[in-house]
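Visitor: Here it is: the structure, laid out below.
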Amino acid sequence: MKVRAVVAALALVLASALAPPLARAQDAGSVLLTYQRNFVRSSLGAKLELLKEAGARNAEEMAPLYDTALRFAVESEPLLGAADAQLRELVLIAAAKAGEAAYAPSAARLWALFRLYEGDVELRALAVASLGAAGAGNEEVVAAVGEFLASQNVVFRSGMQPEYPALEAAVDALGRIGDGASFPVLFSTYVAGYNPDLTAKASKALGRIKGDYAGYLARVLAMSSPLEKAAALKAALENPAFGPEERGGLAEAALAAGLAWTGGAPVENQAIRELNLRAIRTIRELGWQRASPLVLRYFRALLADYAKGAAPRGDLLETIVCLGAMGSSEAAQALALQLQLINAQTELGGSYDDEVILATIRALGELGDKVAFDYLLYVGYLKYPDEVKRAAKEALLRLRW
């Protein structure tokens, strides 16, 4: 049976090769059909020989044959087992050729084989690589490969050894597909701390993602880990193609993400602190008034933490300066209320922080809102140093009426 099947296929191939070009084109379908029929009827050994012989022909023309072989492999693996040498060789040939042909119908079977052949490093890497060609436009493939890559990043960060061949193939595959949904996991791979070659591979894959780069970074800021959020904002602010609109919008998104953080490991909390500070500085530099409500929320949270000794004074000072650049009445009211509180404590003999009150007074002068008049005026009646009283007089002169 094995000999008859192979001989029949070879005879048809020879006849097709000797025919005129038009006839050869017309015969392509019948050649494929003959291969498929003989594949179905043949023994495992004959199937393998047919695939090898078909490899000399155009991969796209023979793609349905390779898909037939992949279907056979998926259905036979539970019976024959992944250790069957002939079945494995058949899978390697069919998977490679399906990828070469970029045959979309094979995508689901390629992924099924990836899962079936757990532990076969070579075969799994090949299956994922072929998915990069066959899985274009397939959301399920993009999601599945992305989930695998994310799991490998977790393994790597835990200090264990990831499945590098399949991991690298996944990076290449997602870059080749270029779907925007892959941006977060590729960015996570890029900042994970892999060796320089793999990091460069992830960077290249990111560069092939189609669509809104600023939007993708915003997605990382909203969905990823604190370390990745901080890296995303850094990447955004260092991107020379981004103007004030993109930088301001991403700084605003970063501050929103930082405010949503509820706490975690020390290294994560530190990353969020750095994220917030970088966002605050950018918002101040750009005068990004749209972020004023977020800056106010951050200011109030910092005040509460600072009162408990849980926030550095430098963070509070930078946020006060940022509020001064917001140009909003809400910012002026918040700072005026803060100055009123400091004045009340001072009048009762309480202590105050020179740097905090100076920053508050100067920010109120920058805002120029008359809501601060009474509290700035009252500074002159209290036992403050001359520097504080001078700052209050200068701020009074800047108020708008």
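The values are calculated or read from the model by the stated rules, or taken from the named source; none is laboratory data. Everything numeric in this text was worked out from a predicted model, so none of it was measured. Remember, those area values only see protein heavy atoms, side chains included, never the ligands or the DNA or RNA. Shrake-Rupley method; radii C 1.70, N 1.55, O 1.52, S 1.80 Å.
Visitor: Just check the range 241-362 against the gyration tensor rule for me: Cα atoms, a ≥ b ≥ c as the square roots of the eigenvalues, rounded for a/c under 1.5, and otherwise prolate or oblate depending on whether a/b exceeds b/c.
Guide: Taking the square roots of the gyration eigenvalues as a ≥ b ≥ c, the range 241-362 is oblate.
Visitor: Which whole-number percent of Cα pairs in the range 150-189 have a distance greater than 13 Å?
Guide: That fraction is 51 percent.
Visitor: How big is the range 313-401 on each of its three principal axes, counting only the C-alpha atoms and giving the largest first in Å?
Guide: Sorted from largest, the Cα extents of the range 313-401 read 32, 30, 19 Å.
Visitor: Same structure, new question: I'd like the Karplus ³J(HN,Hα) series for the range 216-233: coefficients 6.51, -1.76, 1.60, θ = phi - 60°, whole numbers in Hz, and an x wherever there's a Gly or Pro.
Guide: In residue order, the calculated couplings are 5, 5, 4, 5, 5, 4, 7, 10, 9, 6, x, 5, 6, 4, 4, 5, 5, 5 Hz.
Visitor: Here is a follow-up. Could you go through the range 310-325 in sequence order and give the Karplus-derived ³J(HN,Hα) for each residue, using 6.51 cos²θ - 1.76 cosθ + 1.60 with θ = phi - 60°, rounded to whole Hz, and x for Gly and Pro?
Guide: So the J values, rounded to whole Hz, are 9, 9, x, 4, x, 5, 5, 4, 5, 6, 4, 4, 4, 4, x, 8.
Visitor: Also, I was wondering about something else. Taking Cα pairs under 8 Å and at least six residues apart, what relative contact order does the range 260-374 come out at, in percent?
Guide: It rounds to 25 percent for the range 260-374.
Visitor: Evaluate the Kirkwood expression for the hydrodynamic radius of the range 112-218, namely the inverse of the mean inverse distance over all pairs of different C-alpha atoms, and round to one decimal in Å.
Guide: 13.6
Visitor: Leaving out ligands, DNA and RNA, what percent of the accessible area of the range 298-401 is carbon and sulfur, probe 1.4 Å?
Guide: 52
Visitor: Please state the shape class of the range 286-331: rounded when a/c is under 1.5, otherwise prolate if a/b exceeds b/c and oblate if not, all from the C-alpha gyration tensor. Could the numbers behind the result be given before it?
Guide: On the way: a/c = 2.82, a/b = 2.00, b/c = 1.41.
Judged from the Cα gyration tensor, the range 286-331 comes out prolate (a/c at least 1.5, a/b above b/c).
Visitor: Hey, what did the range 183-302 get for relative contact order, percent, Cα under 8 Å, at least 6 apart?
Guide: Value for the range 183-302: 22 percent.
Visitor: Tell me, how many Å apart are the Cα centres for the range 245-259 and for the range 264-297?
Guide: Cα centroid to Cα centroid, the span is 8 Å.
Visitor: Sequence gap at least 6, Cα distance under 8 Å: using those rules, report the relative contact order of the chain to the nearest whole percent.
Guide: Numbers: 529 pairs, mean separation 29.3, N = 401.
Averaging sequence separation for qualifying contacts and normalising by length gives 7 percent for the chain.
Visitor: Against the globular-protein guess of 2.2 N^0.38 Å, express the Cα radius of gyration of the range 192-251 as a ratio, rounded to two decimals.
Guide: Compactness ratio reported: 1.14.
Visitor: Answer rounded, prolate or oblate for the range 30-155, using the Cα gyration tensor with square roots of eigenvalues a ≥ b ≥ c: rounded when a/c is under 1.5, else prolate when a/b is larger than b/c, else oblate.
Guide: Because a/c hits 1.5 or more and a/b fails to exceed b/c, the range 30-155 counts as oblate.
Visitor: Going down the list 229/308; 210/234; 52/204; 47/97; 201/229, which pairs span over 25 Å between their C-alpha atoms?
Guide: Over 25 Å Cα-Cα: 229/308; 52/204.
Visitor: From the list [x] 19.2; [y] 26.4; [z] 20.7, can you say which value of mean projected area of the Cα convex hull in nm² was derived from the structure given?
Guide: From the options [x] 19.2; [y] 26.4; [z] 20.7, the structure gives [y].
Visitor: Want the number for residue 381 to residue 56: 0.36 nm per residue separation, take away the alpha-carbon distance, what's left?
Guide: Fully extending the segment from residue 381 to residue 56 adds 107.5 nm.
Visitor: Per DSSP H run of at least 4 residues, take -39500 (n - 2.57); add these up for the chain, divide by its residues and hand me the 222 nm value, nearest 500 deg cm²/dmol.
Guide: Computed ellipticity for the chain at 222 nm equals -24500 deg cm²/dmol.
Visitor: Please give the contour-minus-distance gain from residue 344 to residue 265: 0.36 nm per residue of separation, less the Cα-Cα distance, rounded to one decimal in nm.
Guide: This chain segment gains 24.6 nm when fully extended.
Visitor: Taking residue 389 as the anchor, which lysines have their alpha carbon closer than 22 Å to its alpha carbon, excluding any fewer than eight residues away along the same chain?
Guide: Once the sequence-local lysines are set aside, what remains near residue 389 is 370.
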